[in-house]
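A.B. asks: One structure follows; several queries about it will come next.
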Amino acid sequence: MSHLIVVGAGAAGLTAAGQAARLGCRVTLLEHSGMPGKKILVTGKGRCNVTNDCDGQEFLRHVRTNPRFLYSAIAAFSPADTMAWVESLGVPLKTERGRRVFPVSDRAEDIRAALCRWAQGAQLVEADAYSLVLENGRAVGVQTRDGRRFLGDGVLVATGGMSYPSTGSTGDGYRLARQAGHSLVEPVPSLVSLVAEGGDCRRMMGLALKNVSLTLEENGKPVFCEQGEMLFTHFGISGPLVLSASAWVRDLKKYRYQAVIDLKPALSAEQLYARIGRDFDLLAGKNAANCLQKLVPATMQPVLLERWGVDPEIRVNQIDRAARLELVRLLKGFAVPIRERGDLQHAVITAGGVPVKEVNPRTMESKKTPGLYFAGEVLDLDAYTGGYNLQIAFATAMAAARGFAAREE
């Protein structure tokens, strides 16, 4: 019986461990955090967005980095396969806006518990893997920080990235990959809040906007545009729209970014101008400081008024056409200059990792070191929000387990 050592008991590690055991392998599953599947509990705001209910081609369109690498893995284990699999583990699912799939219970713990049940055929050991054990250039096991050795016929690294380190994702897999001769695409936070220039966002801290459109501009050129929800924070902007947009942010030393918010996406500029005219007719006797009440939330009004540049003491009926057009421009293009990404501790995922050109896309086996496999976030794969990243973890884990088991046949 072939023996697989799996390093990391997150979504990918638990999935691979359970699949390998079902394929007749002996499996030892090492987890250093003391709690398997811990990071699952923080996904989807504690609800766990399991996957996205779309076909393979649509899925790959939402993969930001290296989608072609995933063709085989997604074909072999699609979002539909994931949904059927999770429900077979006793967790009923539902599909919400944007085809996002959640447990009916809205409890991420139900997904974590299901994956732990799936992996029961593996031996779970609390251990901190420190280095690979190599024999004749082949990965045959790992050595832990306390000197223990776990030996087998192959090693699967499923340690995650570096986001949410409190859940156990501390970048250990990158060290193991380097030891095996792999290069590394620099890990950076992705699906993360964005830090803004200036103090305007802090003044609007806590303000949530719904049904707005956010465009991310790179050196003045739009690279992302979607409609949805976002939030102003003490340091900048966050929320679903911002997390998706952040995946498009590249080198902030090389490129200049700003988020441009259309506060009234349902109205054209002409329609908004007419709407402002009607509002102003009703407020003709009031001063400009009070003319934004029906247009934007209260905490945004002082900021918008300052940007507008109109004297707050003048009467509304004295606001001329040029000033009204400027207000339309601001409402359709409220700009937030971006200074930097949020930190890895609060990123949903890590972009970067083991280059996929160094990994077999069908089996997830290293092209550098036989017997070494990778799955999940440790690979240089990342996608937008909506369940895509967990699907990548499941699909690559299934491919790795099958690849290892088939090699031993």
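The values are calculated or read from the model by the stated rules, or taken from the named source; none is laboratory data. What you see is a predicted model; the values in this text were computed from it and never measured. A quick note on method: Cβ atoms are made from the backbone with ideal geometry, for glycine too, and the neighbour counts reach across all protein chains shown. These accessible areas exclude ligands, DNA and RNA; they are computed on the full protein's heavy atoms, side chains included. Shrake-Rupley method; radii C 1.70, N 1.55, O 1.52, S 1.80 Å.
A.B. asks: Once phi is turned into ³J(HN,Hα) by the Karplus curve 6.51 cos²θ - 1.76 cosθ + 1.60 with θ = phi - 60°, what whole-Hz value does each residue of segment 41-50 show in order, with x for glycine and proline?
C.D. replies: Karplus values, whole Hz, x for Gly and Pro: 5, 9, 6, x, 6, x, 9, 6, 7, 5.
A.B. asks: Still on this structure: Hey, can you grab everything whose amide H is under 5 Å from the amide H of S131? Only 5+ residues off in sequence or another chain; H modelled, so Pro and N-termini drop out.
C.D. replies: Here the answer is Q143, since their amide H atoms fall under 5 Å of that of S131.
A.B. asks: Over the Cα atoms of segment 120-236, Rg to Rh with Kirkwood Rh, two decimal places?
C.D. replies: My calculation puts Rg/Rh at 1.17.
A.B. asks: Measure off, as a whole percent, the carbon and sulfur share of the 1.4 Å-probe accessible area of the chain, all protein chains present.
C.D. replies: Numbers: 8570 of 17430 Å².
The computed percentage sits at 49.
A.B. asks: Run the dipole for segment 265-393 about the Cα centre, Lys and Arg Cβ at +1, Asp and Glu Cβ at -1, nothing else charged, and hand back the magnitude in debye, nearest 20. Spell out each step's value before the answer.
C.D. replies: On the way: 16 positive and 15 negative charges, 59 e Å.
Rounded to the nearest 20 debye, it is 280 debye.
A.B. asks: Specify the angular offset, from 0 to 90 degrees and rounded to the nearest 10, of the alpha carbon long axis of helix 11-22 from the longest principal axis of the alpha carbons in the chain.
C.D. replies: Its long axis makes an angle of about 30 degrees.
A.B. asks: Can I ask one more? Sort 266-272, 362-368, 322-328 by the packing proxy (mean of other Cβ within 10 Å over each peptide's residues), most packed first. Each step should come with its number before you reach the end.
C.D. replies: Details: 266-272: 13.6, 362-368: 20.0, 322-328: 16.1.
Taking the mean over residues of other Cβ atoms within 10 Å, the ranking is 362-368, 322-328, 266-272.
A.B. asks: Right, something else. Pop the C-beta distance of E306 and K45 into the FRET formula with R0 = 30 Å and round what comes out to the nearest 0.05. Walk me through the numbers before you get to the answer.
C.D. replies: Working: r = 33 Å, r/R0 = 1.10.
The calculated FRET efficiency here is 0.35.
A.B. asks: Sticking with this one: If you place +1 on the Cβ of every Lys and Arg and -1 on the Cβ of every Asp and Glu, how big does the dipole about the Cα centre of segment 20-76 come out, in debye to the nearest 20?
C.D. replies: 200 debye
A.B. asks: Return one number: the angle in degrees, 0 to 90 and rounded to the nearest 10, between the long axis of the Cα atoms of helix 108-118 and the longest principal axis of the Cα atoms of the chain.
C.D. replies: For helix 108-118, the angle is close to 20 degrees.
A.B. asks: State which entries of K39/K94; K39/K367; K45/K332; K38/K210; K254/K368; K221/K332 exceed 27 angstrom in Cα-Cα distance in the structure shown. Could the numbers behind the result be given before it?
C.D. replies: Working: K39/K94 21 Å; K39/K367 29 Å; K45/K332 30 Å; K38/K210 31 Å; K254/K368 32 Å; K221/K332 16 Å.
Result: K39/K367; K45/K332; K38/K210; K254/K368 exceed 27 Å.
A.B. asks: Same structure again: Which order do the peptides 351-357, 13-19, 400-406 take when ranked by the mean count of other beta-carbon atoms within 10 Å per residue, highest first? Walk me through the numbers on the way to the answer.
C.D. replies: Working: 351-357: 21.3, 13-19: 30.0, 400-406: 23.0.
The densest-packed peptide leads the list: 13-19, 400-406, 351-357.
A.B. asks: Then there's this: Relative contact order for segment 170-239: what is it in percent, counting Cα pairs under 8 Å that are at least 6 residues apart?
C.D. replies: Details: 90 pairs, mean separation 22.9, N = 70.
Contact order relative to length: 33 percent.
A.B. asks: As I understand it, the dipole of the chain uses +1 on the Cβ of Lys and Arg and -1 on the Cβ of Asp and Glu, about the Cα centre. Which of S2, L214, S105 lies farthest toward its positive end?
C.D. replies: Result: L214, furthest along the dipole toward the positive end.
A.B. asks: Something else about it: Please give, to one decimal in nm, the separation of the simple spin-label points placed at A322 and E87, each 7 Å out from Cα toward the Cβ.
C.D. replies: Between A322 and E87, the label points sit 6.3 nm apart.
A.B. asks: Pairs of Cα atoms under 8 Å, at least six residues apart: use those to get the relative contact order of the chain, whole percent. Working shown, then result.
C.D. replies: On the way: 945 pairs, mean separation 98.8, N = 409.
It rounds to 24 percent for the chain.
A.B. asks: What does the extension gain come out to for L282 and R26, with contour length at 0.36 nm per residue minus their alpha carbon separation? All intermediate terms of the calculation are to be shown ahead of the outcome.
C.D. replies: Numbers: separation 256, 0.36 × 256 = 92.16 nm, distance 7.59 nm.
My answer for the length gained is 84.6 nm.
A.B. asks: Cα convex hull of segment 1-147: how many Å³ per residue?
C.D. replies: Numbers: hull volume 20.2 nm³, N = 147.
Taking the convex hull of the Cα positions in segment 1-147, it is 137 Å³ per residue.
A.B. asks: As I understand it, the dipole of the chain uses +1 on the Cβ of Lys and Arg and -1 on the Cβ of Asp and Glu, about the Cα centre. Which of Y257, V133, C54 lies farthest toward its positive end?
C.D. replies: Result: Y257, furthest along the dipole toward the positive end.
A.B. asks: Using +1 on the beta carbon of Lys and Arg, -1 on that of Asp and Glu, and nothing else charged, what's the dipole of segment 118-230 about the Cα centre, debye to 20? Display every interim value, and only then the final one.
C.D. replies: Working: 10 positive and 13 negative charges, 43 e Å.
The calculation lands at about 200 debye.
A.B. asks: Once the cut-off is 32 Å, how many percent of the Cα-Cα pairs in the chain end up in the long-distance tail? Please report the intermediate quantities before stating the final value.
C.D. replies: On the way: 34777 of 83436 pairs.
That fraction is 42 percent.
A.B. asks: Any idea how far apart R61 and E135 come out in nm if each label point goes 7 Å out from Cα toward Cβ?
C.D. replies: With each label point 7 Å from Cα toward Cβ, the separation is 5.0 nm.
A.B. asks: State the extension gain, in nm to one decimal, for the chain segment bounded by K368 and A269, taking 0.36 nm per residue of separation less the distance between their alpha-carbons.
C.D. replies: Details: separation 99, 0.36 × 99 = 35.64 nm, distance 5.66 nm.
Roughly 30.0 nm would be gained on extension.
A.B. asks: I'd like the Karplus ³J(HN,Hα) series for segment 216-223: coefficients 6.51, -1.76, 1.60, θ = phi - 60°, whole numbers in Hz, and an x wherever there's a Gly or Pro.
C.D. replies: Going residue by residue, I get 9, 10, 10, 6, x, 9, x, 10 Hz, with x marking Gly and Pro.
A.B. asks: In addition: List, largest first, the extents of the alpha carbons of segment 327-371 along their principal axes, each in whole Å.
C.D. replies: Principal extents (Cα only, largest first): 62, 23, 15 Å.
A.B. asks: For segment 326-388, what does the relative contact order come out to in percent, with C-alpha contacts under 8 Å and a separation of six or more?
C.D. replies: Numbers: 48 pairs, mean separation 18.4, N = 63.
Once normalised by length, the contact order is 29 percent.
A.B. asks: Test of understanding: in a Gaussian network model of the chain with alpha carbons linked when under 10 Å, which of I74, I276, I392 would top the mean-square fluctuation ranking?
C.D. replies: I276
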